[in-house]
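J.: For reference, the structure I am asking about is given below.
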Amino acid sequence: MQVIKTNIPDVLIIEPQVYGDDRGFFLESFNEKDFFEKTGLSPKFVQDNHSRSIKNVLRGLHYQIQQPQGKLVRVVIGEVFDVAVDLRKSSPTFGAWSGCLLSAENKRQFWVPEGFAHGFLVLSESADFLYKTTNYYAPQYDRTLFWNDPEIGIDWPTEAVPMLSDKDQKAPLLKQAEVFIDL
């Protein structure tokens, strides 16, 4: 497993060791010991999620203001552009974003720590997206951040207008959003 640092020190790109031959491939998608040795982190995952979306669907930017979730995300079919936005008010990278291409082909994973909004844009005809979370989904604390806030300036790799849920269309800008004060 290789760990690649991003422009935000707490957000990491994980490249698993892939063993392949003409029959297919094998990889460990998570190994607690290796993850700790390479990152210094020891997340306790409590929930696994799987979503499927079609091309140009943008899901996010989502977070939970209480019961925040760290997420280890990956794509097993297709390709997405995945994004994390730092919402920790006391962080030197508050309001900054980091992005990564995740695909079935590159088998990369993206570590999104607690205190970040998370979202992704589907670039392929469809994508199956898997993620582990460090806390349970709590709809009462679910919040959204506007996907195209000019203050954040995410460079989404698309010319098309993305397909959004009603919730994501009505999301507030960073200056109006609830953020994390004590994380």
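Here, each number is a calculation from the coordinates, and none is a lab measurement. Nothing here was measured: the structure is a model prediction, and the numbers come from that model. Here the Cβ is made from the backbone with ideal geometry for all residues, glycine too, and neighbour counts use every protein chain on show.
J.: Would you please state which residues of the range 85-115 a label at LYS38 would reach in this model, taking the label point 7 Å out along Cα→Cβ and a backbone N cut-off of under 19 Å?
T.: Under 19 Å, as judged by backbone N against the label point of LYS38, lie 99-114 of the range 85-115.
J.: Give me a comma-separated list of calculated 3J(HN,Hα) values for the range 165-177, in order, Karplus coefficients 6.51, -1.76, 1.60 applied at θ = phi - 60°, integers in Hz, x for any Gly or Pro.
T.: For the range 165-177, the Karplus-derived couplings read 6, 4, 4, 6, 5, 9, 5, x, 6, 3, 5, 10, 7 Hz, x marking Gly and Pro.
J.: I'd like the Karplus ³J(HN,Hα) series for the range 100-108: coefficients 6.51, -1.76, 1.60, θ = phi - 60°, whole numbers in Hz, and an x wherever there's a Gly or Pro.
T.: After applying 6.51 cos²θ - 1.76 cosθ + 1.60, I find 7, 7, 10, 8, 4, 6, 7, 6, 5 Hz.
J.: Which percent, nearest 5, of DSSP beta bridges in the chain are antiparallel? Present the calculation step by step, with values, prior to reporting the outcome.
T.: Details: 49 of 51 bridges.
Rounded to the nearest five, the antiparallel share is 95 percent.
J.: Please report LEU164, LEU12 as a ranked list, fewest other C-beta atoms within 10 angstrom at the top and most at the bottom.
T.: Working: LEU164 19, LEU12 23.
Exposure proxy ranking, most exposed first: LEU164, LEU12.
J.: Taking amide hydrogens as modeled 1.01 Å from N in the peptide plane, which residues meet the under 5 Å criterion relative to ARG108, leaving out close sequence neighbours?
T.: Residues meeting the criterion, in which the H sits 1.01 Å from N, are SER103.
J.: Let me ask something else. Quick one: which of 22-32, 147-157, 112-122 comes out on top by average Cβ neighbours within 10 Å, and what's the full order, highest first? Present the calculation step by step, with values, prior to reporting the outcome.
T.: Values: 22-32: 10.5, 147-157: 14.3, 112-122: 25.0.
For the peptides 22-32, 147-157, 112-122, the packing ranking is 112-122, 147-157, 22-32.
J.: Moving to a separate point now. Using a Gaussian network for the chain with springs between C-alpha atoms less than 10 Å apart, which of these wobbles most: PRO139, PRO162, PRO172?
T.: Result: PRO139 has the largest fluctuation of those listed.
J.: Per-residue ellipticity at 222 nm for the chain, helices alone: DSSP H runs ≥ 4 residues times -39500 (n - 2.57), over residue total, nearest 500 deg cm²/dmol?
T.: Details: 2 runs with 12 residues, N = 183.
Only helices count here, giving -1500 deg cm²/dmol.
J.: Then there's this: Take the Cβ-Cβ distance between LEU173 and PHE45 as r, set R0 to 35 Å, and report the resulting FRET efficiency rounded to the nearest 0.05. Don't skip to the answer; put the middle values down first.
T.: Numbers: r = 31 Å, r/R0 = 0.89.
Result of the calculation: an efficiency of 0.65.
J.: Follow-up. Could you derive backbone 3J(HN,Hα) for the range 12-24 from the dihedral phi with the Karplus parameters 6.51, -1.76 and 1.60 (θ = phi - 60°), listing whole Hz in sequence and x where the residue is Gly or Pro?
T.: 10, 9, 10, 10, x, 6, 10, 10, x, 8, 5, 8, x
J.: Right, another one. Could you work out how much longer the chain between LYS5 and ILE65 gets when fully extended? Use 0.36 nm per residue separation minus the Cα distance between them, nm to one decimal. Could the numbers behind the result be given before it?
T.: On the way: separation 60, 0.36 × 60 = 21.60 nm, distance 2.54 nm.
Result for the pair: 19.1 nm of gain on full extension.
J.: Run the numbers on the range 44-176 and let me know its relative contact order in percent, using alpha-carbon pairs under 8 Å that are six or more apart. Intermediate values should be presented prior to the final figure.
T.: Numbers: 319 pairs, mean separation 51.1, N = 133.
38 percent.
J.: Subtract the Cα-Cα distance of ASN31 and ASP142 from 0.36 nm times their separation in residues, and report this length gain in nm to one decimal.
T.: Details: separation 111, 0.36 × 111 = 39.96 nm, distance 2.87 nm.
Taking 0.36 nm per residue and subtracting the Cα distance, the gain is 37.1 nm.
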